[in-house]
Amino acid sequence: MIKGRKRNLFLLPCVCAFLAALFLCMGKTTAHAATPLEKWGRLSVSGTDIVNEKGKPVQLKGVSTHGLAWYPQYVNKSCFKSFRKMGVNVIRLAFYSDPNAGYSKSLYPTVEKGVRYATELGMYVIIDWHILSDGNPKTYQKQALSFFNYFAKKYKKQKNVLYEICNEPNGDVTWERDIRPYANKVIKKIRKHDKKNIIIVGTPTWSQDVDLAAQKPLKQKNIAYALHFYAATHTGWLRDKLSAARGMGLPILVTEFSVCDASGSGAIDGASGTAWMKLLKKYKIGYVAWNVSNKNETSALIRPDCRKTKGIRKGDLSASGKWIAKWWKK
């Protein structure tokens, strides 16, 4: 009896060690990888940085849809998940503001689907009022106020939503006369419902003149400013503008870019693109690549011969898509 009891006591640690190892292995196979939202929580602006809930600077890395009126088929959960697997943590939903470029309230449900899929995947999502051909944000200001009133009211409790209120102001448009007063009105409308989420404001000359915005920034909290670049066209001179604006204390997000020229096509400029990506990494400035579609142009992230809208892999990406994708996990 005594010998048996000793033997059992000897075996007990071995059994415990085996069970511990078994549970550890099971934990490894069933562990849930934290989503971007779980890791960072609600984002905010602190000084020149976008920070997580603990106040630590983070870098958003994302992709933008093309116009929702033209390529709605890519607004699906599988597509978004494909890009998340590649390292993307934010989706931008490009809702064109000009009726001649696709604006329609009938597209509101497409925005809602996009927000829902991004949220289910624990990703951040930018609701983008995509001013382009209309140039001056005041042109459709009434519609913009209605648009942001609707979505701010709907998503005021969500931690993963950002609002981009004027994609690319251009033409005879100035910061002081046009963009700033427009932004103040739209921000007031959003803040009526959503007090906390980040609002992104476009800057003059297709969101290039961040240095002009930095001379007289808005007074509200949690405001970031958009800078857009296409690496083959926008080279060192625009990087200098970014550095100057940041030096003046302006928080910047690159909410649209590619590595080709400003037409969205042409050759990839790898040297300029690399200089941009290194600068953005240095400052932890977030960036969103244009665009998720298979359109036959360089900036489309998916190959023109690829008909897939779900389960997208790196091999399905265009040359520019593959070039940009290598930075998502760096």
query: Among the residues of segment 176-209, how many are within 22 Å of S46 (Cα to Cα) and touching a Lys or Arg at 6+ places or on another chain (Cβ under 6 Å)?
result: 2
- request: Considering only segment 304-327, state which residues are of a type outside the set (V, I, T) and surrounded by 18 or more Cβ atoms within 10 Å (Cβ to Cβ).
  value: D316, L317, S318, S320, G321, W323, A325, W327
query: Can you find a residue in segment 277-285 that is surrounded by 23 or more Cβ atoms within 10 Å (Cβ to Cβ), part of a loop (DSSP other than H, G, I, E, B), of a type outside the set (A, V, I, L, M) and under 20 Å from the mean Cα position of the chain (by Cα)?
result: no
message: Six or more apart or on different chains, Cβ atoms under 6 Å: show the pairs whose first residue is in segment 148-161 and over 10 Å from K189 (Cβ atoms) and whose second is of a type in the set (F, W, Y).
response: N160/Y124; V161/Y155
task: Kindly indicate which of E297, E256 is assigned to a strand (DSSP E or B) and either farther than 17 Å from G87 by Cα or touching a residue at least 12 places away in the same chain (Cβ under 8 Å) (or both).
output: E256
message: Suppose the filter is of a type in the set (S, T, N, Q), buried (at least 23 other Cβ atoms within 10 Å of the Cβ) and in a loop (DSSP other than H, G, I, E, B); does N167 pass it?
response: yes
Qualifying residues in segment 34-77 (those that are hydroxyl-bearing (S, T, Y) and over 22 Å from G247 (Cα atoms)) - the one surrounded by the fewest Cβ atoms within 10 Å (Cβ to Cβ): T35
task: Might you check whether a residue that is free of Cβ contacts under 8 Å to residues at least 40 places away in the same chain, at negative phi and of a type in the set (F, W, Y) occurs anywhere in segment 179-199?
output: no
message: Report every pair of residues separated by at least 6 positions or lying on different chains whose Cβ atoms are under 6 Å apart, first residue within segment 60-72 and of a type in the set (D, E, K, R), second at pLDDT 95 or above.
response: K61/V88; K61/N89; K61/W328
query: So, of the residues in segment 104-139 that are of a type in the set (F, W, Y) and crowded, with 20+ Cβ neighbours inside 10 Å, which turns out to be nearest to W70 (Cα to Cα)?
result: W129
Single unsatisfied condition, G135 versus (1) over 23 Å from K196 (Cβ atoms); (2) in contact with a His (Cβ under 7 Å, 6 or more places away or on another chain); (3) of a type in the set (G, A, S): (2)
- request: For A271, work out the one condition from (1) within 19 Å of the chain's Cα centre (by Cα); (2) surrounded by fewer than 18 Cβ atoms within 10 Å (Cβ to Cβ); (3) free of Cβ contacts under 8 Å to residues at least 24 places away in the same chain it doesn't fulfil.
  value: (1)
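The values are calculated or read from the model by the stated rules, or taken from the named source; none is laboratory data. If you're wondering where the values come from, they're calculated on a predicted model, not measured in any experiment. Quick reminder, even Gly has a Cβ in these numbers, built from the backbone with ideal geometry, and neighbours come from all protein chains shown.
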